[in-house]
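Engineer: Sending over a structure as structure tokens; questions will come in a sec.
The values are calculated or read from the model by the stated rules, or taken from the named source; none is laboratory data. Note that this is a predicted model, so its numbers are computed, not measured. Here the Cβ is made from the backbone with ideal geometry for all residues, glycine too, and neighbour counts use every protein chain on show.
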Amino acid sequence: METQSRIVALTSRRNRQFGLTARQLNLVIEVLFITLIATGLLSWILSLNLAWIATTVHSIAGFALFATVPLKVRGPVRTGFRRRRTSRWLSAIFGVMVLAVLVIGVLHANAIWWGYGYWTGMWTHLLVGFSSIPLFLWHVASRPAKSARPKRVDVDRRSLLTTSALLAAGAGAWGTQELAQKVVGAEAGNRAGTGSHEIASFDPDNMPRMIWINDKRPKIDFATWDLRIEGRSVALDDLTAMSTPLAAWLDCTDGWRSQQNWDVVPLADLLSGASARSIMVTSATGYRRLFSRSDADGVYLCVGYDGKPLHGGHGAPVRIVAPNRRGPWWIKWVTEVELSDRPVWMQLPLPGPTLT
Ligand code: HEM
């Protein structure tokens, strides 16, 4: 019995990668994967003055995950392939998907691969990232032996030190990338804290015309267009007469941002009820978002840019300009602005199915 436990101890010591047992290494990788999905989503959901924190953590976790690849291949992957279970191929597909997401993320961050036309690099990154979630859950749940599942004892001093070293390596790699971009002064350095690259600033004709994943561009008849604010019709000419220019960045979740001189009217100038909790803005497509009533000064109805009307693909005749929020809050083709007693947290963090 004593000999057997000594053999187990010796084997697990021999199999250690960078001081981590296979179980500890798997645990570190799982935590990094969950962090990446969570911070990727948070970089969309949070307001712009906070989103950069999520993106920075995302990038550091991404590089730290890169650093675990050789350890995973030399350790658990090699052992797993020796066992010759049929499901090893599904695990291999999952591994390839995560590697692809990592590589595409870095290619996009460094402006090396943008994608083809409307099929963008960032979209591919997200699509493969989200598609890998079911495989991740299966991969974790399908561990053959109970002994392979994470245990409390796995979180020891050594594993914490090694994880810190991996995170420090991730931070170092990310910092070097950011510094190199600034020094080289290439297009890659022209990024927001959210990682978005600048496109077509002060050139609205060339600004991309993106819509939210499940939304669609409506056919607008300007003759019958009716914008209702707190139930009353507001004429487009009146809104245009009230508008003043505002330079603001549109930071799209597809990995680009663009600054324009928008012609805007603050929602605060159009709304009366001060006691309401929130403002519900609805598009002709049924797409809608709630804004906090106290944000009405910093959210605008927009009728054009540089004194010219908006393009149809940019939300003509009226869209929202929300300078502190990511693209999903910049609602296009606005038909209705209403006060509401619903608190802003009572909505999906990102737009769900459109309600018509
Ligand atoms: C398996 C999951 C994922 C992995 C392994 C991963 C990894 C990476 C890596 C390595 C980068 C490049 C960082 C850099 O070079 O600075 C990156 C960038 C990025 N990822 Fe992910 N990611 C994943 C999922 C997601 C998801 C689900 C989202 C959003 C919902 C997302 C949003 C972003 C954004 C916005 C960037 C650009 C950041 C920048 O340019 O600095 N990622 N990701």
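Engineer: Mind listing whichever residues of the stretch 226-272 are farther than 17 Å from THR282 by Cα and of a type in the set (Ser, Thr, Tyr)?
Structural biologist: THR240, SER243, THR244, THR253, SER258, SER272 - these are the residues of the stretch 226-272 that are farther than 17 Å from THR282 by Cα and of a type in the set (Ser, Thr, Tyr).
Engineer: Suppose the filter is of a type in the set (A, V, I, L, M, F, W, C) and in contact with a Phe, Trp or Tyr (Cβ under 6 Å, 6 or more places away or on another chain); does LEU71 pass it?
Structural biologist: Working: of a type in the set (A, V, I, L, M, F, W, C): yes; in contact with a Phe, Trp or Tyr (Cβ under 6 Å, 6 or more places away or on another chain): yes.
Yes; evaluated as a whole, the condition is true for this residue.
Engineer: Go over the candidates GLY129, GLY121, GLY105, GLY115 one by one and state the one that is free of Cβ contacts under 8 Å to residues at least 24 places away in the same chain and either assigned by TED's automatic domain parsing to the domain that holds VAL69 or within 10 Å of the ligand (Cβ to nearest atom) (or both). Let's see the steps before the verdict.
Structural biologist: On the way: GLY129 fails: free of Cβ contacts under 8 Å to residues at least 24 places away in the same chain; GLY121 fails: free of Cβ contacts under 8 Å to residues at least 24 places away in the same chain; GLY105 fails: free of Cβ contacts under 8 Å to residues at least 24 places away in the same chain.
The unique qualifying residue is GLY115.
Engineer: Only one of ALA268, ALA274, ALA188 is within 23 Å of TYR116 (Cβ to Cβ) and in contact (Cβ under 8 Å) with a residue 12 or more places away in the chain; which?
Structural biologist: Details: ALA268 fails: within 23 Å of TYR116 (Cβ to Cβ); ALA274 fails: within 23 Å of TYR116 (Cβ to Cβ).
Of the residues listed, the single one that is within 23 Å of TYR116 (Cβ to Cβ) and in contact (Cβ under 8 Å) with a residue 12 or more places away in the chain is ALA188.
Engineer: Could you grab me the full set of residues in the stretch 288-315 that are among the hydrophobic types (A, V, I, L, M, F, W, C) and more than 26 Å from the chain's Cα centre (by Cα)? Spell out how you get there, then give the answer.
Structural biologist: First, pick out the residues of the stretch 288-315 that are among the hydrophobic types (A, V, I, L, M, F, W, C): 290-291, 296, 299, 301-303, 310.
Listed by number, the residues that qualify are VAL303, LEU310.
Engineer: If you don't mind, another one. Among the basic types (Lys, Arg), in contact with a His (Cβ under 9 Å, 6 or more places away or on another chain) and surrounded by 17 or more Cβ atoms within 10 Å (Cβ to Cβ): does that describe ARG209? Talk me through it step by step, then tell me what you get.
Structural biologist: On the way: among the basic types (Lys, Arg): yes; in contact with a His (Cβ under 9 Å, 6 or more places away or on another chain): yes; surrounded by 17 or more Cβ atoms within 10 Å (Cβ to Cβ): no.
So ARG209 does not fit the description; no.
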